[in-house]
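Any read-out appearing in this document is the output of simple, stated calculations on the displayed coordinates, not a laboratory observation. Note that the coordinates shown come from a computational prediction; the quantities given were computed from them, not determined experimentally. Here the Cβ positions follow ideal geometry from the backbone for every residue, glycine too, while neighbour counts run over all protein chains shown.
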Amino acid sequence: MDDHANLIEMLNAAMQAQRRSVRIYEIMANAAIGAKDKDMLRTIRREERRHYYLLEGIFEDLTGEAVLPQRPALSMPKYFPDMLKTAICDKLEVIDHLELIRSEMNCVRQRDLLDIIISDQKEHARILAAIYGRQ
């Protein structure tokens, strides 16, 4: 597989992760007990949706094709603290994946967009860890 095709596959996986995250954070917000935690999780959900659209734009810039959204498979633990642990681990994997994609990008604008997404993801991980610490 050539580098361009590999980059497209990595972007596709990142978009799927973002779509999955949007659904996960809604489930988590519904499972959270405190209003503050619910609000923070819904804010993360909105940002994850924005990240999806940013990645979709990069994908379309690189391929010249529209994305065919797929409904991702979803599996979450039953208890809220376990959901948080899973979300934190997923978040760290997403950060690594996005940093790898960024390293393959040639376009400065696309790299800047990925820097924004990565920065947001790191902040999300801190927020999730803080919520977990209160459990």
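Annotations
- Packing, as the average of other Cβ atoms within 10 Å across residues, places the peptides 105-113, 54-62 in the order 54-62, 105-113, highest first.
- Centroid-to-centroid separation of region 94-122 and region 20-41 [C-alpha atoms, Å]: 25
- Each other residue within a Cβ distance under 11 Å of A130 adds +1 if Lys or Arg and -1 if Asp or Glu, for a net charge of +1.
- The sum of -39500 (n - 2.57) across all DSSP H runs of n ≥ 4, divided by the residue count of the chain, sets its helix-only mean residue ellipticity at 222 nm to -29000 deg cm²/dmol.
- In terms of its C-alpha gyration tensor, the chain comes out prolate, because a/c is 1.5 or above and the ratio a/b outweighs b/c.
- Which of Q121, L84, A31, positive extreme of dipole for the chain (C-beta unit charges): A31
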